[in-house]
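Structure, as C-alpha cells:
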Amino acid sequence: MRIGFSLGRLRALLGKETIQMRRDRLTFAMMLGVPLVQLMLFGFAINTDPKELPAALVAPTQDRFTRAMVSALELTGYYRFVAPDATAGEAEVMIARGDVSFVVTVPSDFGRRIERGDTAQMLIEADATDPSVASGAISTLSTVAASALASEAGRPPAAAPVEIVVHRRYNPEGITQYNIVPALLGVILQLTMVMMTSMALTREIERGTMENLLSMPATPLEIMLGKVLPYLAVGAVQVVVVLLAARVLFGIPLVGSLSLILGGVFLFVLALVILGYLISTVSRTQMQAMQVTFFFFLPSLMLSGFMFPFRGMPTWAQWLGEIFPLTHFLRLIRSVMLKGATAAEVADSLAALTLFVLGFALVALFRFRRTLD
Amino acid sequence: MSEPAISVSGLTKRFGARTVVDAVTLAVARGEIMGFLGPNGSGKTTTIRMMCGLLEPDEGEGRVLGLDIRRERGAIKRRVGYMTQKFSFYEDLTIEENLRFVAGLYGMSPVNAAVRDTLEDLGLTSRRDQLAGKLSGGWKQRLALAACVMHKPDLLMLDEPTAGVDPKARREFWDEIHRLAQGGLTVLVSTHYMDEAERCHRIAYISYGHLIAQGSVAEVVRDAGLTTMVLTGPGTAAAAQRLKGAPGVDQIAPFGATLHVVGKDGAALARTVAEVARATGCKAEPAETSLEDVFIQLMGTSTDNMA
C-alpha cells in the first residue's frame, strides 16, 4: 500500500468544501459580515474612560461660585448635568435608579465662605457600583476646582479654598467584584438559556421528528411552553449557585430584597428561554441557531453595561443597548443587590423585561410554522 | 359509509417554480385500502402531507373524514394516524416513553392502560425499556405503526412504510393492515412494491405530480390496454437487439431466460414479434400483462417536469 499525497485528491476535497461553503449562504454572510459589524459597533461604542456621565446638581443657592464650579466640572468632560436644579431627595432617587452617576452637592454657604476666605466644602457622591465610572471623574477634581475658583474670585486661592468630599456610594472600597459578580449571573444565564433553547426546534427538524410532532394534535403555544419551561428549572439551579457563590466566595453584599431579585431573575430567564425558542423558529439547522445565538451574544455583552459603563457609551450605542434584556437585568440586579433599590425604583427594568417576555413570545408564536411549508 | 374517507380535488402544490403535485383528484371509500403508487419524487409524500394537514395546498380543496383540509387541520390531526417515511419517533426515548408521549398528546386516558395494551399487542412488553433508536428496521416500523393507531384513528396514512424491511416483516405488516381495515379503518398506503399494490383494494398511480390511473389492479391493467408477448429460446439476447425501436414495441424486459415484450398497439407488436422470433429461432406466445409492465409504460409516457 502506498501512502502518498495527491494534489488531484486535495483539489477534489478543496473543491467540495468550497461549494458547500458557498451553498450555506448564512454561514458565509456571517463570516464576512459579523466581523465588520462588530468592529464598527464596538470600536466606536466601547470606552473604558467614560466621559459625559450624567450628573445631578443639588445647589440651593445658585451663586456665581457655584456656577463657576459647575462649568469647570463640565469642562473636564466627565460630567454632564442632566438635572441641574435637583433637590436632595430627587437626586437620591436618581442615583439609586442609576439615572445619574454623580450627585454634586454645593451647600448654601459655599459662596459666602469663599468670599470670606474660609475653606468651603462641596460633596460629590459617585455611584461606585461600577468603580471605573468614578475613578477618572474624581481624580481630576481638586486641580479643576482650585483654578476655577481662582479665576472667578480674581485672586490667588487660599491654601485650600475648597474641600471636596467624595463619597463612593454603594461600594466605598471600589471593589470590582461588586460590579462584576451580580452581572455575571445575567451573563451566565443568558449564555446557557438562549443556547439551549435555540436548539429546541432545529433538533426536531434535523432528527426528522418534527414531521411527526406536527402531525399530532399539539398547538404552537403548547409546543413552545413544553420546550422552554424545563429550562426554567435549569435556570433556577444556576441562580441559586451563583447567588450563593456571590455571598460566600466573594462576599457581595445583598442590600435589597431577595424576593425582588428572584422576581427579576424569573422574568429575565423567561425572556431568555423564549428568545432562544424564537431563534429556533427562524433557524433551519442547529448550526444556524448557534451562529445566531453568538451573533446576539457578543453585542449584548458589550453594550449592556457588563464590560463597560453603560452611561459612558455614545447615545446611539445606549439606544442599541436598550434592546437587550441583559441591559435591563443588569440595572435591576445591581440596583437591588448593591443599592437596595425598591420595586418602585426598578419598575422600568421590570416593565422592560415583561415587555421582552410578551414580545418574544408573540413573535415566536407568529413565526412558528404549523406546517412543513 | 355514505361519505368517502378521502375526497380531494384539484390538489396542487408548488415549491418555487416546480409543480410537485398537479391537480390531483382522489377519492377513497371508508374501510378501503388504497395503494398510492408512483416513482420516486412523483409527489406521493407531498400529496399525503397535504391531506393530513402538514402542507398547505396552493390550489384545490377537499375533505378528509368529512373535514376541510384547509380549515379543519386540527380536527383532522386528531382523527388521522400518519406514519412518516423516515422513522420519526424519538430515538433517545424508550419504546414505552415514546408511546406514553403519543398517548399524552392525544389526550388518551388513562395513559397507563393505553400504553400497556399497545405494548402487549406489539409483543414489546419485555423490551419496553429499550431505546427506540436501538431497534431494528422491522421493529421500528412496528413501533411506528402501533403509535399511529394508538388513538384509534378513522384513517391511516402510511408513507412507504415497508421501505427497508425484510419480506417476512412486510408480510406481517400487511396482515396487520388488513386486520385494521376489517375493523373499519380506512388506509392510504404509498409503496414502490408491486406485490404490495396487489394487496390493496384499489390503487392510484401518480407520476410527476399527475394522477394518471386509479382503480382496482385488474381495472388499471385492463385500462392500460397493453399487449404482452413472451419470447423463449436460446436467441432471446439477439431478439432483444432486433426488437429495440421496432414498430409496436414499447418495452423489452428480460426475465431470466425469457423476454417480455410489451406494446400498446397489439397488432403491430404481434407482427414484429413473429418476425423477430422467426429470424432468431425463438418461440413467441402471448402472456398476461403485469402491473409492473403497466407502470413502466405509464412512467415512460408521462413527461418529466422535474428538470
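The values are calculated or read from the model by the stated rules, or taken from the named source; none is laboratory data. If you're wondering where the values come from, they're calculated on a predicted model, not measured in any experiment. With ideal geometry, Cβ positions are generated from the backbone for all residues, glycine too; neighbour counts draw on all protein chains shown.
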Sort out for me the helices (runs of 4 or more DSSP H) sitting completely within the range B:56-143 that have 1 or more residues that are in contact with a strand residue (DSSP E or B) (Cβ under 6 Å, 6 or more places away or on another chain). B:73-79
Flagged in the range B:123-141 as within 12 Å of B:Leu99 (Cα to Cα) and surrounded by 20 or more Cβ atoms within 10 Å (Cβ to Cβ), in numbering order, are B:Ala132
Search result, residues across the range B:5-39 that are outside any strand (DSSP E or B) and touching a residue at least 40 places away in the same chain (Cβ under 8 Å): B:Ala5, B:Ala29, B:Arg30, B:Gly31, B:Glu32, B:Gly38, B:Pro39
Tell me, which residue of the range B:68-84 that is of a type outside the set (A, V, I, L, M) and more than 9 Å from every other protein chain (Cβ to nearest Cβ) is nearest to the chain's Cα centre (by Cα)? B:Arg79
Test: residue in the range A:279-301 that is within 14 Å of another protein chain (Cβ to nearest Cβ), hydroxyl-bearing (Ser, Thr, Tyr) and closer than 27 Å to A:Glu222 by Cα: no
If you take the residues in the range B:216-237 that are of a type in the set (A, V, I, L, M) and loosely packed, with under 15 Cβ neighbours inside 10 Å, which one is nearest to B:Ala284 (Cα to Cα)? B:Ala237
Across the range A:171-180, the tally of residues that are part of a helix (DSSP H, G or I) and crowded, with 21+ Cβ neighbours inside 10 Å stands at 2
Please count how many residues of the range B:56-77 are surrounded by fewer than 17 Cβ atoms within 10 Å (Cβ to Cβ), touching a residue at least 24 places away in the same chain (Cβ under 8 Å) and either not acidic (Asp, Glu) or not assigned by TED's automatic domain parsing to the domain that holds B:Arg128 (or both). 1
Would you call A:Arg207 within 14 Å of chain B (Cβ to nearest Cβ), touching a residue at least 12 places away in the same chain (Cβ under 8 Å) and either surrounded by fewer than 19 Cβ atoms within 10 Å (Cβ to Cβ) or basic (Lys, Arg) (or both)? no
Among the residues of the range A:211-227, which ones are more than 7 Å from every other protein chain (Cβ to nearest Cβ) and in contact (Cβ under 8 Å) with a residue 60 or more places away in the chain? A:Pro220, A:Leu221, A:Ile223, A:Met224
Is the range A:75-91 home to any residue that is part of a helix (DSSP H, G or I), in contact with a helix residue (DSSP H, G or I) (Cβ under 6 Å, 6 or more places away or on another chain) and surrounded by 19 or more Cβ atoms within 10 Å (Cβ to Cβ)? no
Residues A:Leu184, A:Leu189, A:Leu201: which one is touching a residue at least 12 places away in the same chain (Cβ under 8 Å) and surrounded by fewer than 21 Cβ atoms within 10 Å (Cβ to Cβ)? A:Leu184
Scan the range B:142-179 for residues that are acidic (Asp, Glu) and closer than 17 Å to B:Val102 by Cα and jot them down. B:Asp154
